[in-house]
Amino acid sequence: MTASHLLVPVPIPDRVAELIGSCIPPHIVQAEFDAECAVREVRRFRGPRLCIEDQADREQALSELAQANKVLAAHHPRLALRPGSSW
C-alpha cells in the first residue's frame with residue numbers, strides 16, 4: 001500500500017509525453033490548456049475587494065473555465081478542474 005504523500009514526482013521524458021499526448025484528442029488537449037489558464041486567472045483575481053474591472057475579468061475567467069470543464073467532463077468526469085484544486 002502506498003501513500004500518495006510519499007510519492008516522489010518523476011519527470012516524464014519528452015518522447016513519452018508526446019506518445020501520451022498523441023493518444024488524447026486535440027480538442028481535449030486544448031480544453032485542458034484553456035482550463036489551466038482560466039484557473040490561473042481566477043486565482044490571480046481573488047481578494048475581499050476587487051475593482052469593477054477585476055471582477056469582470058474574474059467572471060470572464062470563470063466562464064472560460066466552465067466552458068473548458070464542460071468539454072473535459074464530457075470526455076471524462078474526473079478531468080474537470082476547480083479554481084481551488086492543486087491539479
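Could you work out how much longer the chain between Arg46 and Ala74 gets when fully extended? Use 0.36 nm per residue separation minus the Cα distance between them, nm to one decimal.
Using 0.36 nm per residue and subtracting the Cα-Cα distance, I get 7.2 nm.
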- Where does each of 51-63, 32-44, 67-79, 16-28 land if you order them by average Cβ count within 10 Å, highest first? 32-44, 67-79, 51-63, 16-28
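What number, rounded to the nearest 500 deg cm²/dmol, is the helix-based mean residue ellipticity at 222 nm of the chain, given -39500 (n - 2.57) per DSSP H run of at least four residues and division by all its residues? Show your work: numbers first, answer last.
Working: 3 runs with 52 residues, N = 87.
Dividing the helical sum by the residues of the chain leaves -20000 deg cm²/dmol.
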- Do me a favour and compute the ellipsoid semi-axes for the chain from its Cα gyration tensor, root of five times each eigenvalue, largest one first, whole Å. 28, 18, 12
- Message: Once you place label points 7 Å from the Cα toward the Cβ at Gln67 and Arg82, how far apart are they in nm?
- Response: 2.4 nm
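Readers should treat all values here as calculations from the given coordinates under stated rules, not as data from a laboratory. Given the structure is predicted, the values throughout are model-derived calculations rather than measurements. Heads up, the Cβs are rebuilt from the backbone with ideal geometry, glycines too, and the neighbour counts pull from every protein chain shown.
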